[in-house]
């Protein structure tokens, strides 16, 4: 088995990348090939508590005052930026989830919401 680094080995909490509190990671294994396809941070209670506190603060701030339509517009713009930068790749997502590209695009936001190709 070979390891292919596909993502950061950190957690994204409160708008910053950080190591898991315990410093541990987990291997992500493709069940079809048993190949290790990534290594990710292994969150502990302290990490979850920090993420929940960050989410609560965001909801209590300006984000929580936006309408669903306004939040949707911002998420759409974020998706466009991620696509422009190549940060979202339906084919890669399909390989990780063993789904066709179109189904992966739907899972990542829906073809009516995110402009993924066929």
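Here, each number is a calculation from the coordinates, and none is a lab measurement. Treat the numbers as computed from the prediction; the structure is a model and nothing was measured. No Cβ is skipped: glycine too gets one built from the backbone with ideal geometry, and neighbour counts run over all protein chains shown.
In table form, for the structure just shown:
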{"read-out": "Distance (nanometres) between label positions extended 7 Å along Cα→Cβ at residue 82 and residue 35", "value": "2.3"}
{"read-out": "Contour excess over end-to-end distance, with Cα ends at residue 67 and residue 24 and 0.36 nm allotted per residue", "value": "11.6 nm"}
{"read-out": "Segment residue 16-residue 75, length gained on full extension (0.36 nm per residue, minus Cα span)", "value": "19.4 nm"}
